[in-house]
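Sharing a structure with you now.
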Amino acid sequence: MSILIEPIITEKMTGLTEKLNRVGFIVEKSANKIEIKKAVEELYNVSVDEVNTMRYGGKSRSRFTRGGVVRGRTSSYKKAIITLAKGDSIDFYSNI
């Protein structure tokens, strides 16, 4: 699906999955909560209770090289935290 770009697999997100049955995804910037909910339900065959979204702006970065200072910017992205219904779960490691 073009709405879901990649799942977020970090220690903090794994802790939220175990405690509160929540999973995180990096999603398309133009996607709304309804589209994200439909995409997760169709792709993983689970029922979604709640969707929370956050937009992150890119940060300025610079590094010092032999040729001088190189300045750049990280890309901005949108993150969605999905609360799954009780009893549902998503296993990201099954296809490895």
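Among the residues of segment 41-84, which ones are over 17 Å from residue 15 (Cα atoms), of a type in the set (A, V, I, L, M, F, W, C) and touching a residue at least 40 places away in the same chain (Cβ under 8 Å)?
Matches in segment 41-84: 43, 46.
Across segment 15-47, what is the number of residues that are surrounded by 14 or more Cβ atoms within 10 Å (Cβ to Cβ) and polar (S, T, N, Q)?
Within segment 15-47, residues that are surrounded by 14 or more Cβ atoms within 10 Å (Cβ to Cβ) and polar (S, T, N, Q) number 2.
Of a type in the set (D, E, K, R), at pLDDT 95 or above and not in a helix (DSSP H, G or I), is that true of residue 29?
On the way: of a type in the set (D, E, K, R): yes; at pLDDT 95 or above: yes; not in a helix (DSSP H, G or I): yes.
Yes; evaluated as a whole, the condition is true for this residue.
Here's another thing I want to ask about it. For segment 1-22, what are the residues that are in a helix (DSSP H, G or I) and aliphatic (A, V, I, L, M)? Working first, answer last.
From segment 1-22, those in a helix (DSSP H, G or I) are 11-20; that's our starting set.
Selection gives 13, 16, 20.
Can you give me the number of residues within segment 45-80 that are under 13 Å from residue 3 (Cβ atoms) and either out of contact with any strand residue (DSSP E or B) (no Cβ under 7 Å at 6 or more places or on another chain) or at pLDDT below 95 (or both)?
0
The values are calculated or read from the model by the stated rules, or taken from the named source; none is laboratory data. Since the structure is predicted, the reported quantities are computational estimates derived from the model, not experimental observations. Please note: Cβ atoms are built from the backbone with ideal geometry, for glycine as well, and neighbour counts cover all protein chains shown.
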